[in-house]
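One structure is given here, and the rest of the page talks about it.
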Amino acid sequence: MPPGTVDDASAIITLLMTYAELVDAGRWADVGALFADATYRIAHADGGAVSTYAGAAQVRAFCEQTRVHGDGTPRTKHVLTNVVVDVDGERATAHCYATVLQQTDTLPLQPIATGRYLDTFERAGGAWRFRDRLVTGFLLGDRSEHVQWHAGTPEGAA
């Protein structure tokens, strides 16, 4: 099929969902690898600065701030909705809503963060990969069981 077809959009959606599954499994090295040639940026909830992590090692280190529970996971489920993909040759963009649910031994199942992922992609070697992710538009809940530190910023709301 020519570039820009349903196959391209499907491959990009699969990449989005793979990210969510890896984060929920606590597989930080694999999450980092998804951003080996990309940036991962987080707009602070107060509308101020944007934190930027570049490449696999920095993204992995950012993810490692997430609290891991007894089962080896962050006890989260990332739910991606309202996914829109636009393919333009060897580049593509996507945006979606992200809702992060969490349940722990001390907290009932609840949403702990919602926001938007604004992504850009490029095709390299015939496969799609992330170029940039901006996480923005936060509504935050109780993240005390989600991050190893707890502050008023969205940093742990991967």
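Stretch residue 69-residue 97 to full length: gain in nm at 0.36 nm per residue minus the Cα-Cα span? Could you put the intermediate results ahead of the total?
Values: separation 28, 0.36 × 28 = 10.08 nm, distance 2.54 nm.
Result: 7.5 nm gained on full extension.
Considering the chain at the alpha-carbon level, its Rg and Dmax are found to be 15.4, 51 Å.
Against the chain, whose longest principal axis is taken from its Cα atoms, helix 6-25 shows a tilt of about 20°. Computed extension length for residue 5-residue 58: 15.8 nm, one decimal, from 0.36 nm per residue of separation with the Cα-Cα distance subtracted.
One Cα centroid belongs to the stretch 20-67, the other to the stretch 70-142; the line between them spans 11 Å. Considering all alpha-carbon pairs of the stretch 73-140, what whole percent are spaced by more than 17 angstrom? Of all Cα-Cα distances in the stretch 73-140, 51 percent exceed 17 Å.
Computed extension gain for residue 14 through residue 44, at 0.36 nm per residue and net of the alpha carbon distance, reaches 8.1 nm.
All of the numbers you see were taken from the coordinates with simple rules; none came from a lab. Because the structure is a prediction, the values reported are computed rather than measured.
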